[in-house]
Amino acid sequence: MSRREQDLIDYIDDKSQNEDETAFLPVRPDGYPDSWTVFFLGILFGVAAGALISVSPWLGGTLVFGGYGAAALTMTGTRNRVSRALRFGFAVFAAIGAAIVTGMIAWPIMTRSVVDAAAETNLVFLSVAFLPWLLATFRYIHIRIPD
């Protein structure tokens, strides 16, 4: 049997014991998820929330809080300046997501009008997707400049 035929059979009927059967989410040998996977999924949720905030502030704010909060929490053990700056940028936007959800609970009409006014500029997605990185860049530059 040729290697190509064997690959096809392995693709259809894979009985390997050394794989965890997750092609997208890697799993460490101890069973806990990889921290980079949580980091990238957090960024993915945060960017997806940028598209949803103007449609549904509840869902968008929750995804911003959860996604960017998870991305910020995965970078807690490092002493690297870049990771501290990224943690700052993601934590600020996680707080903004929490503020949107809190605003929708306490002042739903006012929060919805603010979200609608921001949505009229068509920059909600771009700001939610790129401003955490821009804040992190400014924070990194601020850390690097001696007092």
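A short reminder: the numbers here are calculations on the coordinates, not readings from a lab. Quick caveat, the model's predicted, so the values are computed rather than measured. Quick reminder, even Gly has a Cβ in these numbers, built from the backbone with ideal geometry, and neighbours come from all protein chains shown.
Peptide packing: for 55-62, 35-42, the average count of neighbouring Cβ atoms within 10 Å per residue gives the ranking 55-62, 35-42, highest mean first. Note that region 82-147, at 20 °C in a medium of 1.002 mPa s, gets a Stokes-Einstein diffusion coefficient of 162 µm²/s from its Kirkwood radius over C-alpha pairs. Couplings 3J(HN,Hα) for region 41-48, derived from phi with the Karplus relation 6.51 cos²θ - 1.76 cosθ + 1.60 (θ = phi - 60°), are 5, x, 5, 4, 5, x, 5, 4 Hz, where x marks Gly and Pro.
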